[in-house]
Amino acid sequence: LVWCFDFSSPDGAGSLRGSESPSAGSSQSDAGGFKPFAVFAEQLLSMSLALTPESSLEDLVDFLDMCSCLRSLDLTAIDFDGDLAVRFFVNVYHCLLQHALLLLGPPSKNSVSHFLRCVCYEIGGDIFSLVELEHCVIRGKLSQPHSGRNLSVEPTKSSETFKRYALGNVDARINFILHNGLTSCHSEVPILKATIPLSRQMNDFSTAYVQNSIQVDGKRKTVTLPEVCKVYRDDFGDDSVGVLKYLLRFLEKGSWEAVSWLLAEQQQIKVRFHPAGEFLPSLNSREGGTEGA
């Protein structure tokens, strides 16, 4: 008996049902459209983040059965330019990362590329690795990475075909949402909810991440930023000043005033970046935003 997600739930909320096969059921919902897919990914990520090495066999089997439903999804039913596609693929990416860390353990420095390129899920009959989900799908229409330790592992040329799945409704904030499994990243993985406006969730998570990561030294005219701002700096602005101006919207009053003062002085600001850190053994969850529009 395999537990699968009922994508035909009329309220778009979905439910678990018993099945003799890993079929995910209907790929369409009369009332919810693609929404059941996004709810499914949300629940799948929640299940993965609740797992630990001490989890029961029953919990593990339930999670693996849910994962098997991914192969039966109809990718042609997805609006890759819509909000729900962002929720779906970001949650699935984080689920795969957590799944890999629990199953294989954190990769060594010499095995990072192999880890990110070879850990995969079958989704709708296609095979997506962590790198392909991140760079070809989620970040497919954003800038190319600059050099930067573990953060700059890119897909091979053979993965370029996956850019046909590139999401159209993402912007620079996605850099503060995606967790790469490193200690330098935010401590908790965002669970993007289908019932909360995507932009609100991205703003909430971005504000928390940037505020907790930035360090300002007014006397030395130095600002220290997360490395993701270096690797994907073309998403934010033309130079370091452009990056700082973009980040202002996510800062609380004290930090906002400190950075604004440095920018107003029109003197050269030293911008440094936190090191990438090491891989975590597993991820923790964080749910942001509140219900409603």
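Data table
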read-out: Members of region 109-129 found to be assigned to a helix (DSSP H, G or I) and of a type in the set (A, V, I, L, M, F, W, C), listed by number; value: Val112, Phe115, Leu116, Cys118
read-out: Sole residue being β-branched (Val, Ile, Thr), surrounded by fewer than 22 Cβ atoms within 10 Å (Cβ to Cβ) and at pLDDT 90 or above, chosen from Thr183, Thr156, Thr207; value: Thr207
read-out: Any chance Ile191 is touching a His at 6+ places or on another chain (Cβ under 9 Å) and under 25 Å from Glu278 (Cα atoms); value: yes
read-out: Scan of region 171-216 for residues that are free of Cβ contacts under 8 Å to residues at least 24 places away in the same chain and hydrophobic (A, V, I, L, M, F, W, C), ordered by number; value: none
read-out: Criterion violated by Leu225 - all others in (1) of a type in the set (A, V, I, L, M); (2) under 16 Å from the mean Cα position of the chain (by Cα); (3) within 22 Å of Leu262 (Cβ to Cβ) satisfied; value: (2)
read-out: Any chance Lys230 is at positive phi and not small (Gly, Ala, Ser); value: no
read-out: Selection status of Ser240, farther than 22 Å from Leu97 by Cα, under 17 Å from the mean Cα position of the chain (by Cα) and open to solvent by 10 Å² or more (accessible area, probe 1.4 Å); value: no
read-out: Test: residue in region 121-132 that is modelled with pLDDT of 90 or more, on the phi > 0 side of the Ramachandran plot and in contact with an Asp or Glu (Cβ under 7 Å, 6 or more places away or on another chain); value: yes
read-out: Residue selected from region 84-133 under the condition touching a strand residue (DSSP E or B) at 6+ places or on another chain (Cβ under 7 Å) and not hydrophobic (A, V, I, L, M, F, W, C), by the criterion surrounded by the most Cβ atoms within 10 Å (Cβ to Cβ); value: His94
read-out: Every pair of residues 6+ apart whose Cβ atoms lie under 7 Å, when the first sits in region 73-92 and is within 14 Å of Ile196 (Cβ to Cβ) while the second is open to solvent by 40 Å² or more (accessible area, probe 1.4 Å) and assigned to a helix (DSSP H, G or I); value: Leu84/Lys35
read-out: Residue among Pro190, Pro197 that is surrounded by 18 or more Cβ atoms within 10 Å (Cβ to Cβ), at pLDDT 90 or above and under 29 Å from Lys35 (Cβ atoms); value: Pro190
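The values are calculated or read from the model by the stated rules, or taken from the named source; none is laboratory data. Everything numeric in this text was worked out from a predicted model, so none of it was measured. No Cβ is skipped: glycine too gets one built from the backbone with ideal geometry, and neighbour counts run over all protein chains shown. Heavy atoms of the whole protein, side chains included, go into the accessibility calculation; ligands, DNA and RNA do not. Shrake-Rupley method; radii C 1.70, N 1.55, O 1.52, S 1.80 Å.
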